[in-house]
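Peer 1: Input: one structure, supplied below.
What follows is calculated from the coordinates using simple rules that are stated; it is not laboratory data. Just so it is clear, the structure is predicted and the values come from calculations on it, not from any experiment. We place every Cβ from the backbone using ideal geometry, glycine too, and count neighbours over all the protein chains shown.
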Amino acid sequence: MKENILGVDVCHDTYDELAAKLMEDINQRNTSFIVAINPEKIMKAQEDEELRTLLNKATYQIPDGIGVILASKLRKGKIRERVTGIDMMMKLCETATVEGKRIFLYGAKPGIAREAKVKLEEKFPGIQIVGVLDGYEKDKQVIETTINESKADIVFVALGSPAQENWILANKDHLYPSVYQGVGGSFDVISG
Ligand code: UDP
């Protein structure tokens with residue numbers, strides 16, 4: 001279920017509901033794309049039609065930001081719980097560990113994704129982080145091959161917005177992984 005806030009679709013799902021849907025996407029080998037929606041993105045999307053179209057192309061738009069909850073309440077919508085990008089990433093890491101799904105970290109400055117991997121391995125014993133790649137690699141073939149050969153199920157993409165959303169849309173249908181989440185500066189936060 002989704003509701004439309006000023007032209008931008010937002011999902012009603014909680015962390016648990018989304019995690020279950022994403023595991024199902026992986027099991028069915030469906031491609032899905034998660035984008036975090038905050039009030040800044042909704043405001044920008046008012047004048048920027050290209051951004052609005054891009055956000056609406058995601059499979060799951062999560063309500064990241066109290067302003068999105070308020071906007072839903074004002075229009076008597078159903079969104080009550082904030083679902084932040086970083087907490088959704090953590091939930092997905094936890095569920096992937098239990099379900100044996102494989103994770104790839106793509107983005108941020110050289111060395112950061114590797115440090116984030118170490119931190120996630122400490123937090124989720126048994127997690128399978130099968131590859132990392134920094135966000136300044138320019139060779140598209142290297143990016144594609146590294147991700148495909150890892151046989152990851154989930155890719156967290158930390159290139160900033162809207163670069164990460166554009167990258168996901170351009171690549172998700174020809175790469176091996178099923179689930180793609182744009183996570184902004186999350187690797188910097190996790191590694192720090
Ligand atoms: N970044 C990247 N490649 C680039 C430009 C940026 O990997 O060509 C990374 C940057 O190192 C940082 C993240 O993208 O880790 C952007 O973080 P920010 O907090 O600015 O994200 P946003 O606020 O756009 O979600």
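Peer 1: Evaluated at 25 °C with a viscosity of 0.890 mPa s, what Stokes-Einstein diffusion coefficient in µm²/s does the stretch 79-146 have when Rh comes from the Kirkwood expression over alpha-carbon pairs?
Peer 2: On the way: Rh = 13.1 Å.
The estimated diffusion coefficient comes to 187 µm²/s.
Peer 1: So what are the radius of gyration and Dmax for the Cα set of the chain, in Å?
Peer 2: 15.9, 48
Peer 1: Here's something else I'd like to know. Taking loop as defined by DSSP and a crowding limit of 14 other beta carbons within 10 Å, which GluC sites (Glu not before Pro) in the stretch 121-151 fit?
Peer 2: Details: sites: Glu121, Glu122, Glu137, Glu144, Glu149; in loops: Glu137.
For GluC sites (Glu not before Pro) across the stretch 121-151 that sit outside H, G, I, E and B with at most 14 neighbouring Cβ atoms in 10 Å, the list reads Glu137.
Peer 1: Could you give me the ³J(HN,Hα) list for the stretch 56-67, computed from phi with Karplus coefficients 6.51, -1.76, 1.60 and θ = phi - 60°, whole Hz, x at Gly and Pro?
Peer 2: Whole-Hz 3J(HN,Hα) from phi for the stretch 56-67: 6, 7, 5, 6, 10, 9, 9, x, 9, x, 4, x.
Peer 1: Related question: Using the Karplus curve 6.51 cos²θ - 1.76 cosθ + 1.60 with θ = phi - 60°, what ³J(HN,Hα) values do you get for each residue of the stretch 80-93, in whole Hz, with x for Gly and Pro?
Peer 2: 10, 10, 6, 10, 8, x, 6, 5, 5, 4, 5, 4, 5, 5
Peer 1: What residues qualify as long-range amide H neighbours of Gln128, i.e. H under 5 Å apart, gap of 5 or more or another chain, H built at 1.01 Å from N?
Peer 2: Residues meeting the criterion, in which the H sits 1.01 Å from N, are Ile103.
Peer 1: Given q = 0.13, 0.23, 0.24 Å⁻¹, what are the Debye log10 I(q)/I(0) values for the stretch 30-130, with equal point scatterers placed on the Cα positions and solvent ignored?
Peer 2: Debye intensities relative to I(0), on a log10 scale: -0.61, -1.20, -1.24.
Peer 1: Return the whole-Å distance between the Cα centroid of the stretch 1-37 and the Cα centroid of the stretch 152-192.
Peer 2: 15 Å
Peer 1: What share of the DSSP beta bridges in the stretch 1-150 is antiparallel, in percent to the nearest 5? Walk me through the intermediate numbers first.
Peer 2: Details: 4 of 13 bridges.
Close to 30 percent.
Peer 1: Taking 0.36 nm per intervening residue step and subtracting the Cα-Cα distance, what contour gain separates Arg80 from Asn4 on full extension? Working shown, then result.
Peer 2: Working: separation 76, 0.36 × 76 = 27.36 nm, distance 1.45 nm.
Difference between extended and current length: 25.9 nm.
Peer 1: Taking the highest mean first, how do the peptides 32-42, 68-78 order by number of other beta carbon atoms within 10 angstrom per residue? The partial results should precede the final answer.
Peer 2: On the way: 32-42: 21.8, 68-78: 14.4.
Ranking the peptides 32-42, 68-78 by packing returns 32-42, 68-78.
Peer 1: Can you give the relative contact order of the stretch 1-137 as a percent, counting alpha carbon pairs under 8 Å and 6+ residues apart? List each step's numbers first, then the result.
Peer 2: On the way: 189 pairs, mean separation 28.2, N = 137.
Relative contact order, the stretch 1-137: 21 percent.
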